[in-house]
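Please read the structure below before turning to the comments.
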Amino acid sequence: MISPSDGTPQRRLYGRRRGRALRAGQRALLGGLLPALRFELPASGKLDPFRLFPATTKEVWLEIGFGAGEHLAFQAGANPGCGLIGCEVFEPGIARLLAEIKSGDLANLRLFIDDARLLIAALAPRCLARVFILFPDPWPKERHKKRRIVATEPLDHLAEAMADGAELRLATDDADYAQWMTERCDSHSAFERSSGRARPPDWPETRYEKKAAAQGRSPRLLLYRRRARTDSGIAG
């Protein structure tokens, strides 16, 4: 359980933190490189993510649940002028990303090793230019669907944190979750689906996606944009 110090109700963190025993090199990365890259939410409960990066950073992007970090590392390497934040709690995946960061000498990544819902609720308004939620846990059992990250409350927080015109990229290989994502994003007043059907050239296939396709699970990719706000600050 996450236990806030301000007396607010506890929030359960879903998902595994640990898998198989880490190798010595992975443990060394978690103990050596991770402390320099991870951050905590400030005591005020509000975060301007631009403060995590050099003053020359032109945009901040967020990936929620980066898995093994393959996609996040690609985006960081391809967009050195952007600051990228990755959220994940699964230690083997974090260790794999750290190895990518070290080998690629990637300086524009910061990591939040906790519940992504806490982060997106704390972000300053209009600070994100792009958000990725790629192949999140589908929580297929009916009683577990409340755990899905693509839901009304997280989308409300993302809508507040995303700049006008910012991209929201979603992917899943679970047919039920694809329909769930589509219904919730289509009905949200802050988001509109992109008219383009072609896969953006800067959206690479990951090993997970290729494996899912080989096993007969068809990945569904969804692209939305944050609608422009009206003068009252409410989405049009």
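I need a count of the residues in segment 27-47 that are surrounded by 13 or more Cβ atoms within 10 Å (Cβ to Cβ) and not in a helix (DSSP H, G or I). Spell out the reasoning first.
Quick first cut of segment 27-47, residues surrounded by 13 or more Cβ atoms within 10 Å (Cβ to Cβ) only: 27-30, 33-34, 37-39, 41, 47.
Narrowing the set further to residues that are not in a helix (DSSP H, G or I) leaves 33, 38-39, 41, 47.
Number satisfying all stated conditions: 5.
For ALA121, the criteria (1) closer than 17 Å to CYS87 by Cβ; (2) in contact with a strand residue (DSSP E or B) (Cβ under 7 Å, 6 or more places away or on another chain); (3) among the aliphatic types (A, V, I, L, M) hold in every case but one, which is (2). Within segment 149-164, identify whether any single residue is surrounded by fewer than 18 Cβ atoms within 10 Å (Cβ to Cβ), assigned to a helix (DSSP H, G or I), in contact with a Ser or Thr (Cβ under 7 Å, 6 or more places away or on another chain) and at pLDDT 95 or above, and answer yes or no. No, segment 149-164 contains no residue that is surrounded by fewer than 18 Cβ atoms within 10 Å (Cβ to Cβ), assigned to a helix (DSSP H, G or I), in contact with a Ser or Thr (Cβ under 7 Å, 6 or more places away or on another chain) and at pLDDT 95 or above.
Based on this model, can you work out whether LYS141 counts as under 26 Å from ARG220 (Cβ atoms), of a type in the set (Lys, Arg) and without any contact (Cβ under 8 Å) to a residue 24 or more places away in the chain? In short, yes.
Scanning segment 104-129 for residues that are touching a Phe, Trp or Tyr at 6+ places or on another chain (Cβ under 7 Å), farther than 11 Å from LEU158 by Cβ and not in a loop (DSSP other than H, G, I, E, B) gives ARG110, PHE112, ALA129. Would you point out the residue of segment 181-192, among those that are more than 18 Å from the chain's Cα centre (by Cα) and closer than 25 Å to HIS144 by Cβ, that is surrounded by the most Cβ atoms within 10 Å (Cβ to Cβ)? Among them, the one singled out is HIS188. For segment 193-221, which residues satisfy the criterion of being surrounded by fewer than 15 Cβ atoms within 10 Å (Cβ to Cβ), of a type in the set (D, E, K, R), in contact with a strand residue (DSSP E or B) (Cβ under 8 Å, 6 or more places away or on another chain) and in contact (Cβ under 8 Å) with a residue 24 or more places away in the chain? Passing the criteria: only ARG193. ILE120 fulfils the conditions (1) closer than 22 Å to ALA21 by Cα; (2) free of Cβ contacts under 8 Å to residues at least 60 places away in the same chain; (3) under 13 Å from the mean Cα position of the chain (by Cα) except for a single criterion, (1). Which is surrounded by 13 or more Cβ atoms within 10 Å (Cβ to Cβ), in a loop (DSSP other than H, G, I, E, B), among the acidic types (Asp, Glu) and modelled with pLDDT under 95, of ASP231, ASP137? Being surrounded by 13 or more Cβ atoms within 10 Å (Cβ to Cβ), in a loop (DSSP other than H, G, I, E, B), among the acidic types (Asp, Glu) and modelled with pLDDT under 95 holds for just one of ASP231, ASP137, which is ASP137. Within segment 115-136, the set of residues being within 27 Å of PRO200 (Cα to Cα) and either among the aromatic types (Phe, Trp, Tyr) or in contact with a Gly (Cβ under 6 Å, 6 or more places away or on another chain) (or both) comprises PHE132, PHE135, PRO136.
The values are calculated or read from the model by the stated rules, or taken from the named source; none is laboratory data. Here the structure is a predicted model, which is why all the values come from computation and not from measurement. All Cβ positions, glycine included, derive from the backbone under ideal geometry; neighbour counts span all protein chains shown.
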